[in-house]
1. Across the stretch 102-125, which residue is modelled with the lowest pLDDT among those that are basic (Lys, Arg) and surrounded by 15 or more Cβ atoms within 10 Å (Cβ to Cβ)?
2. Among the candidates 34, 47, 39, which residue alone is of a type in the set (Gly, Ala, Ser) and assigned to a loop (DSSP other than H, G, I, E, B)?
3. If only one of 55, 84, 103, 90 is within 22 Å of residue 11 (Cβ to Cβ) and part of a strand (DSSP E or B), which one is it?
4. Looking only at the stretch 58-71, filter to residues that are surrounded by 10 or more Cβ atoms within 10 Å (Cβ to Cβ) and either in contact with a Leu (Cβ under 7 Å, 6 or more places away or on another chain) or not in a strand (DSSP E or B) (or both); which one of those is modelled with the lowest pLDDT?
5. With the structure loaded, tell me whether residue 49 is under 20 Å from residue 33 (Cα atoms), modelled with pLDDT of 90 or more and of a type in the set (Asp, Glu) or whether it fails that test.
Amino acid sequence: MSSGLRQVYMLFVSLRKKVEKAFCLHATIAATTSLIEHSRIAGEHTSIETKAGTIEVTWNQNKEVQVEQNSLSTQENVPTIQDICESLMITEEDLRDDFPIQIGSTSRSKLFIPLKKQRGSTSSEP
């Protein structure tokens with residue numbers, strides 16, 4: 001029986017390089033885990049002030065840390081399909097037409113490009 005799920009390959013292209021991030025999820029989890037392990041914080045919750053705002057962090061008795069990530073925000077100024085294809089050395093036929101190409105961010109903007117087939121990572125420059 002089919003679950004109704006479809007497999008979609010997405011290519012994520014960072015739109016800013018070498019820029020300080022306002023918030024880093026993995027670093028927040030690592031720092032909180034270290035503070036818990038070294039008994040620098042107690043309880044099961046803390047708030048951390050970042051350039052992206054206040055981040056809520058919780059953990060359980062097994063010291064498994066969870067971070068409330070920022071909501072996804074999208075932008076309207078998406079590059080043209082011609083520019084995307086030229087930059088990534090793909091053709092328009094490589095793109096899916098049932099999902100939008102869009103710019104989204106939870107901390108740093110990325111271009112979400114739906115592809116028909118999986119491809120290897122790219123070192124393309126914006």
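1. 108
2. The match here is 39.
3. 103
4. My answer is 70.
5. When the stated conditions are applied, residue 49 does not pass them.
The values are calculated or read from the model by the stated rules, or taken from the named source; none is laboratory data. What you see is a predicted model; the values in this text were computed from it and never measured. Cβ atoms come from the backbone with ideal geometry, glycine included; neighbour counts cover every protein chain shown.
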